[in-house]
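J.: I'd like to ask some things about the structure below.
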Amino acid sequence: LHAVYMRDSDGSPAVKLGDGVNPRLSPDGRWALTSMEGTPARIFLLPTGAGETKIVPTGRLNCHNFAWFPDGTRICVVANEGSGSLRLYELDIETGAQRAFSEEGMSPMDLLVAPDGSFVGARGPDLIYRLYPIEGGQANPLADLGSEERPIGWNADGSALCAFHRGALPAKIYRIDLATGERTLYRELSPSDTTGVEGLTAVRMTPDESTFVYSYPQSLSDLYVIEGL
């Protein structure tokens, strides 16, 4: 069983918020949106302070990934109904009101809501990254984001997207301008000890792009000499 913890960056002990996977902090930091595996997967709101766990009403939706809209009252979910294909849905966390705004066959990976909430970045059926308007309409492909690159987040005004190449060392962080497609090398990330590290698996950044956090697997082995055989 997986659990969600939170702790300050000063290294103080972690505090368990509850059970769940894939947590997402709300815009105001009061809630951690998380899910419990199952069919359908259930979505919960875990309080980061005083309060009780809330169940998000999802109706018939089976949710595979989710992200907050900036107003903190809605979430975007990649979900399907029954045996149907995945689509993007706008979901009200209080009422459960839902509305699909993408084609079928969406990938559950790399979901990002724009800072102003007007569009969502996601991979379509062909795995090309596109920007899907919340109010419907033609999705704009971001062809400059390769299939092996993982989006990290938007800059403050949503005019550019930051991304990195998963599995590379050092991991090069690029800023991609949405209007022109221009790529700018912004930063390179690497752990201080790269022994047994093949690459970074996940990267996150603060909205002002000043701080990055990342994770990576490290495989270490011991070599033994056996004598007297």
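The values are calculated or read from the model by the stated rules, or taken from the named source; none is laboratory data. What you are looking at is a predicted structure, and each value in this text was computed from that prediction instead of being measured. In this analysis, Cβ positions are derived from the backbone assuming ideal geometry, glycine residues included, and neighbour counts consider all displayed protein chains. Side chains are part of the model used for accessible areas, which takes the heavy atoms of the whole protein and leaves out ligands, DNA and RNA. Shrake-Rupley method; radii C 1.70, N 1.55, O 1.52, S 1.80 Å.
J.: What number of residues within segment 99-116 satisfy the criterion of being out of contact with any Lys or Arg (no Cβ under 8 Å at 6 or more places or on another chain), touching a residue at least 40 places away in the same chain (Cβ under 8 Å) and surrounded by fewer than 18 Cβ atoms within 10 Å (Cβ to Cβ)?
T.: Matching residues across segment 99-116 total 3.
J.: Let me ask you something else. Residues in segment 200-207: is at least one open to solvent by 80 Å² or more (accessible area, probe 1.4 Å), part of a loop (DSSP other than H, G, I, E, B) and touching a residue at least 60 places away in the same chain (Cβ under 8 Å)?
T.: yes
J.: A further question on this structure: So which residues in segment 150-171 are open to solvent by 20 Å² or more (accessible area, probe 1.4 Å), without any contact (Cβ under 8 Å) to a residue 40 or more places away in the chain and under 16 Å from GLU188 (Cα atoms), if there are any at all?
T.: Correct list: HIS165, ARG166, GLY167, ALA168, LEU169, PRO170.
J.: Related question: Just give me the residues in segment 174-186 being part of a strand (DSSP E or B) and open to solvent by less than 80 Å² (accessible area, probe 1.4 Å), in sequence order.
T.: The answer is TYR174, ARG175, ILE176, ASP177, THR184, TYR186.
J.: When you check ARG87 against the structure, is it in contact with an Asp or Glu (Cβ under 8 Å, 6 or more places away or on another chain) and of a type in the set (D, E, K, R), yes or no?
T.: Working: in contact with an Asp or Glu (Cβ under 8 Å, 6 or more places away or on another chain): yes; of a type in the set (D, E, K, R): yes.
The answer is yes for ARG87.
J.: Do you know which of the residues in segment 17-67 that are in contact with a strand residue (DSSP E or B) (Cβ under 8 Å, 6 or more places away or on another chain) and of a type in the set (Asp, Glu) is nearest to MET109 (Cα to Cα)?
T.: Taking the candidates together, the pick is GLU37.
J.: Right, ASP126: at pLDDT 90 or above, closer than 15 Å to MET109 by Cβ, over 16 Å from the mean Cα position of the chain (by Cα) and of a type in the set (D, E, K, R) or not?
T.: So ASP126 fits the description; yes.
J.: Looking at segment 162-173, can you tell me whether even one residue there is out of contact with any Asp or Glu (no Cβ under 8 Å at 6 or more places or on another chain) and part of a strand (DSSP E or B)?
T.: No, that holds for no residue.
J.: Residues being in a strand (DSSP E or B) and modelled with pLDDT under 95: count how many of those fall in segment 80-97.
T.: Residues flagged as in a strand (DSSP E or B) and modelled with pLDDT under 95 within segment 80-97 amount to 2.
J.: So if I check each of LEU131, LEU189, LEU142, which one is open to solvent by less than 80 Å² (accessible area, probe 1.4 Å), at pLDDT below 90 and under 26 Å from ASN22 (Cβ atoms)?
T.: LEU142 is the lone residue from the list that is open to solvent by less than 80 Å² (accessible area, probe 1.4 Å), at pLDDT below 90 and under 26 Å from ASN22 (Cβ atoms).
J.: Do you know which of the residues in segment 1-34 that are in a loop (DSSP other than H, G, I, E, B) and within 13 Å of TRP68 (Cα to Cα) is most open to solvent (accessible area, probe 1.4 Å)?
T.: ARG30
J.: Of the residues in segment 57-79, how many are crowded, with 19+ Cβ neighbours inside 10 Å, modelled with pLDDT under 95 and assigned to a loop (DSSP other than H, G, I, E, B)?
T.: So the count comes out to 1.
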